[in-house]
Each structure stands twice: as structure tokens, then as C-alpha cells.
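The values are calculated or read from the model by the stated rules, or taken from the named source; none is laboratory data. In this text the structure is predicted, and so the values were computed from the model without any measurement. Using ideal geometry, Cβ is built from the backbone for each residue, glycine included, and neighbour counts are taken over all protein chains shown.
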Amino acid sequence: MNERTGRAVDAASFESLMKEMNITDEEIERRKDWLEFADEDVQRVRSLNALARRVQDELIELLYHHFLAFPETRGFFQDTELLEHVKAMQKEYFIRLTEGDYNREYVLDRLKIGATHARIGLDTKWYLGAYAFHIRALAERLFEEYRDDPKAALDIFLSLIKLEFLDIGLAIDTYIAQRERVIRIQQEAIRELSTPVLQVRDRLLIMPIIGVIDPHRARQLTEQLLHSIRDTRARVVVMDITGVLTVDSRIANHLIQTVEASRLMGATVIVSGLSADVAQTLVRIGVDLSKIVTVCDLQGGLEEADRIMADYGAKSQDAVAEASTP
Amino acid sequence: MPVPILKQGDVLIASVQDALTDSDLRELQNNLVDRVGRFRSRGVVIDVTVLDVMDSFAVRTLRAIAHMTRLRGAETVVAGIQPDVAFSMVRLGLTLDDVATVLDLDEGLALLRSRRDGRPGRGR
């Protein structure tokens, strides 16, 4: 609920975050509809403005007293300057909450705050707790103010709840979006790291595959291999699947397709590293790998590759000799 | 646009320049099968590097050309199938099984030379 480093905030990146989270004007309206947050709610929350201004200092002090009482949250406010800055931001937010006009700009502010919290690593439990604290504290003062008209107080309170839930929803979604972004980047990195295509000798590639092959990765693996064949003019590829613990029929078929596609590009693929378990499974489920050259380990794969390359080598030496004779 | 066919020694080179219509393909087939006999060629390289799609008719025609020229004494090699084309062909089950395929024109010519010299080429 606080803004720690306004200076680090880059408007463009939040616009892109908004796009990523699919927060459009329409989406904002949908969220409000879902909460049944209507114009009358806006009016009621606005009627709180005077009260909110009156109690703001008191509420902030209480809230930060609460924050500082827990070591987990105290850690975020090491120096007093920062603490004062955060308090000021917080106060601004509490006032803004009761000023109406919950438009795109307002939503963007909420996203910024969610993103900032996610970045500094304030877990959602502390964040939600602070919201609960604010609601409780404000409610106490609200019901006291409207002592003579509890019905009106309740209505205002319920409208406030809707608004705060709107804010919470947005901020939590930002947390999730940030984490998902991190996961996506990591997945990308893992994938790139996990399927290197290595050139061992002129026109001979090795592709060690380690870990689980899901359809997406299988697809990417194939693409990478085919492009490497073109770029390095490979003739033989040893695809080593020692690190693949299980192979099902779908993966086997994908391997077959990859081998076939490589052949269309003029390269021979040798699949090495079929463990006893994998061999048994493949035969049991009835996958026909007879079109593929398979050997049991990488050494065997390289030996087989050498044989094929030697065959080619003899040919291409002839070809070179011939080309140079007029 | 018809595919130009170049004669280089005892090899014919069909160098595809643009996307192929069905009639282009038929014409290519007629021309190649005809010229293989006329020039007494021993090999044909069809260079498809520029193609970014290969439909079933094209693949069928290439196979047919390979079979027909073989009957007239010339080996056909398809050169330059691109990665994405290769993979989509395989997914569609268009694998050009009994036709030699190579990376590019150079490789195609090298393969044909080695076959002509009677080296036991790798069965493709």
C-alpha cells in the first residue's frame, strides 16, 4: 500500500503491464460490474472524504505502528526518510480512495503499487493484512460518526468494501502477472539452455536432450535442430536422449518426424542414448522406430556418425577432385 | 512462371524461382522427363530453396518426376527444402520417402557425381 520508489517507475512499462494483464477500459467496467460498484457507491465513498481527511494522520500512525510491530514488515522501513516518504504516499492513497473518479488513471496507480510491492518482495499476506487494518480502522470511525444513522453508515461501509476489493483485486493480479512474467522468462532461459546444438566437427552436430519433453519443447527442439542443420550445413546429427527418462508414443512420433524432416534437408539423424527402459517401453507400446538409426549411447552415436561421414568424405573428396580437374 | 532448366554436363538443374502453380509443376514434369532423354542426362537436381510452402500436389509431382526420370536413367535429387517447409511436410505425412533430398545445389551435384562413379551411395 505504499509507493517506495516513485522515481524508478517507468510509465511505459506500466502501460505494457496493463496490456499484458489485459486491463482495458472495458475490463475495468467489468470488474466494477462484478463488484456491483455503481454510481451511488461512488457518491457514498465520496461522502467519506471529509472524515478521511480528518482521521488520516491518526490512521497512518496506527497502521505504521502496526507495521513496525512485526519484524517481517519492519524490515521494509529501515531509514526514517523512506518511512516518511511511504507514509506520505499512503496518506495520499487513503484520500484518493474517497475522491471518486475511479478511472483508468486510478487503476494504473493501483497497478503501479501492486508492481512495486511485488518488486520489493512484500508478500501478499502483509499487504492484505494492511488493507484489513485500514478497513477496520476506518469503519470504527465511520460508525462513530454516523452513530445516529447506522443504516447510512452500513451503506457507506459496504460501498467502501467494494472499492477496496476492486483495488485489492487489481494489486493481486499485478503480483500474479509479475510472477508469471518471471516464470516465463525463466522458462525461456531453461529451454534455451536445455537444448543446445553443438558442432563437434565440420558438418557433424550433437544435440543432447535433457529432461522432460513436452509438446511445446518438442516443437522448439525440432525448429532449433532444423535451423542449425541449415546454418551449419550439417550432414549428420547425433541426437542424444540419455537425459530423457521417459518416452511416450507422442514424443517418439515427434522424434520420428524430426528425423524425417532432417532427412528432407539432407541430414542423417542418429538417435543415441535409448536406455533399456525406454527401449522396452517403445516396443511395448508399439512405436515403430525402424526408420531411425538408433544406438545405445553417445559413443556409439559418434562412431556411427563417423562411419557415415567417412562415406560422405570419400564422396566429397572425389567431388572436389573432379571439380578441380577441367 | 515456368521453371528454368539448366544443363550442366550430364546433369539438369531445375532452379525454382517463385511459388509454383499446379500448371507450373506439370510443365516442369513434362520438360524434365523430356529433356532427360534428349540430353542423355544422368542426374537431375530440383532446387526448391525459395519455396516456403510445399503442398501435397507439389510433393506428389516431385516424386513422380523422380520415378519417371529414374525410368529414363537419371537420378533426381531435391535440394534446399527449408526447415519450416520440411517440418510441415512431415506433419502432413509428405515425406518424399524414396527421393534423395539434400541441403543445397552443391550437395545435390556432389551426390549425383558420387552415384555416377558407382560408389555405393547411402541408400536414401
Taking the range A:232-251 and keeping residues hydrophobic (A, V, I, L, M, F, W, C) and surrounded by fewer than 21 Cβ atoms within 10 Å (Cβ to Cβ) leaves A:Val244, A:Leu245
Hits in the range B:79-110 - residues which are assigned to a helix (DSSP H, G or I), within 21 Å of B:His67 (Cα to Cα) and at the interface with chain A (Cβ under 8 Å from one of its Cβ atoms):
B:Ala86, B:Met89, B:Val90, B:Glu107, B:Leu109, B:Ala110
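Rundown of residues vs (1) facing another protein chain (nearest Cβ under 10 Å); (2) modelled with pLDDT of 90 or more, yes/no style:
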site: A:Asp248; (1), (2): no, no
site: A:Ser262; (1), (2): yes, yes
site: A:Val269; (1), (2): no, yes
site: A:Ala279; (1), (2): no, no
site: A:Gly313; (1), (2): no, no
Only listed residue being closer than 23 Å to A:Val236 by Cβ and of a type outside the set (Gly, Ala, Ser), chosen from B:Leu109, B:Leu92, B:Leu32, B:Leu28:
B:Leu109
Exactly one of these conditions fails for B:Leu62: (1) more than 27 Å from A:Met309 (Cα to Cα); (2) surrounded by fewer than 21 Cβ atoms within 10 Å (Cβ to Cβ); (3) within 12 Å of chain A (Cβ to nearest Cβ). Give me its number.
(2)
Tell me whether the range B:23-39 contains one or more residues that are out of contact with any helix residue (DSSP H, G or I) (no Cβ under 6 Å at 6 or more places or on another chain), surrounded by 13 or more Cβ atoms within 10 Å (Cβ to Cβ) and closer than 20 Å to A:Leu225 by Cα.
no
So A:Glu223, is it surrounded by fewer than 17 Cβ atoms within 10 Å (Cβ to Cβ), facing chain B (nearest Cβ under 9 Å) and within 14 Å of B:Val85 (Cβ to Cβ)
yes
Picked from the range B:68-81 (must be surrounded by fewer than 20 Cβ atoms within 10 Å (Cβ to Cβ) and in contact (Cβ under 8 Å) with a residue 12 or more places away in the chain), the residue farthest from B:Arg116 (Cα to Cα) is B:Met68
Exactly one of (1) within 19 Å of B:Ile5 (Cβ to Cβ); (2) within 11 Å of chain A (Cβ to nearest Cβ) is unmet by B:Leu71. Its number?
(2)
Return the total of residues in the range A:280-299 being among the small types (Gly, Ala, Ser) and within 11 Å of A:Asp248 (Cα to Cα).
1
Yes or no: the range A:114-130 includes at least one residue that is at negative phi, among the basic types (Lys, Arg) and exposed (fewer than 15 other Cβ atoms within 10 Å of the Cβ).
yes
Given the criteria of a type outside the set (Gly, Ala, Ser), without any contact (Cβ under 8 Å) to a residue 40 or more places away in the chain, buried (at least 23 other Cβ atoms within 10 Å of the Cβ) and not in a loop (DSSP other than H, G, I, E, B), does A:Ile229 qualify?
yes
Quick one: how many residues across the range B:51-77 are closer than 20 Å to B:Val11 by Cβ and outside any helix (DSSP H, G or I)?
6
Test set (1) β-branched (Val, Ile, Thr); (2) away from every other protein chain (no Cβ under 14 Å); (3) in a helix (DSSP H, G or I) - B:Val44 fails condition number
(3)
Applying the selection to the range A:63-113, what residues are assigned to a helix (DSSP H, G or I) and hydroxyl-bearing (Ser, Thr, Tyr)?
A:Tyr64, A:Thr73, A:Thr80, A:Tyr93, A:Tyr106
Do you know which residues across the range A:142-194 are among the small types (Gly, Ala, Ser) and closer than 20 Å to A:Arg54 by Cα?
A:Ala152, A:Ala153, A:Ser159
